[in-house]
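The block underneath contains the structure these notes are about, expressed in structure tokens.
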Amino acid sequence: MDKHEKFIAIDYGVKRVGLAICNTETQFVFPLCTLDRSVKKTFFENFSAILEEQKPTALVLGLPFHEDGSPCITTSQVKNFAASLARRYPLPVYFMEELLSSFEAEQEMKSFGVSAKKIKEKVDQEAAVRILESFLASPKKVLYTPETAKEK
């Protein structure tokens with residue numbers, strides 16, 4: 001990885017999408033925001049504004065699986081979302097396999113005494129932090145392509 005790359009990680013959800021950000025020079029990962037997905041046009045307008053402001057060099061998309069490694073319903077939704085991102089933005093899109101990132105983020109926030117309301121507001125972006133931290137630590141970087149979208 002180039003030391004001046006900047007990544008935005010995405011924790012995809014049907015209702016909400018959590019975002020986290022880092023640059024590879026410092027490797028500090030920060031929660032960025034949570035976007036509402038209820039109106040597709042509004043979601044992509046807001047997401048585009050974030051990309052314009054942050055100017056990432058790549059996107060990292062959490063790709064969920066069941067504990068046994070088999071695909072879940074959300075796996076195919078995330079792959080479709082990756083295809084949509086690739087059509088809309090001239091950025092590399094990477095997959096990072098994830099398991100229970102939202103659950104772990106929620107449990108950690110509960111252990112710190114965070115209120116249920118705050119957890120709901122922040123859990124998706126905290127899950128995106130975990131996705132991005134895993135991606136940075138992983139030697140295996142899976143770039144989205146039509147072929148990788150069909151795997152598993």
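The values are calculated or read from the model by the stated rules, or taken from the named source; none is laboratory data. Please read all numbers here as calculations on a predicted model, not as lab measurements. Note that we place each Cβ from the backbone using ideal geometry, even for glycine, and neighbour counts take in every protein chain shown. The protein model used for the area step is the full one, side chains on, heavy atoms only, and it has no ligands, DNA or RNA in it. Shrake-Rupley method; radii C 1.70, N 1.55, O 1.52, S 1.80 Å.
Among the residues making up region 27-43, those that are within 15 Å of the chain's Cα centre (by Cα) and either of a type outside the set (Phe, Trp, Tyr) or under 12 Å from Arg88 (Cβ atoms) (or both) are Val29, Pro31, Leu32, Cys33, Thr34, Leu35, Asp36, Arg37, Phe43. Of all residues in region 119-141, those that are under 23 Å from Ser70 (Cβ atoms) and either among the charged types (D, E, K, R) or modelled with pLDDT under 85 (or both) total 3.
Where strands (runs of 3 or more DSSP E) fall entirely within region 1-101, those with at least 1 residues that are closer than 18 Å to Asp124 by Cβ, among the acidic types (Asp, Glu) and at pLDDT 90 or above are at 6-11, 30-36. Does Cys22 satisfy the condition of being within 21 Å of Leu136 (Cα to Cα), out of contact with any Asp or Glu (no Cβ under 7 Å at 6 or more places or on another chain) and surrounded by 11 or more Cβ atoms within 10 Å (Cβ to Cβ)? Judged against the criteria, Cys22 is a match. For Ala116, the criteria (1) closer than 18 Å to Lys140 by Cβ; (2) among the small types (Gly, Ala, Ser); (3) modelled with pLDDT under 65; (4) exposed (fewer than 15 other Cβ atoms within 10 Å of the Cβ) hold in every case but one, which is (1). Selection of region 46-94 for residues being open to solvent by less than 40 Å² (accessible area, probe 1.4 Å) and β-branched (Val, Ile, Thr) yields Ile50, Val60, Thr75, Val78, Val93.
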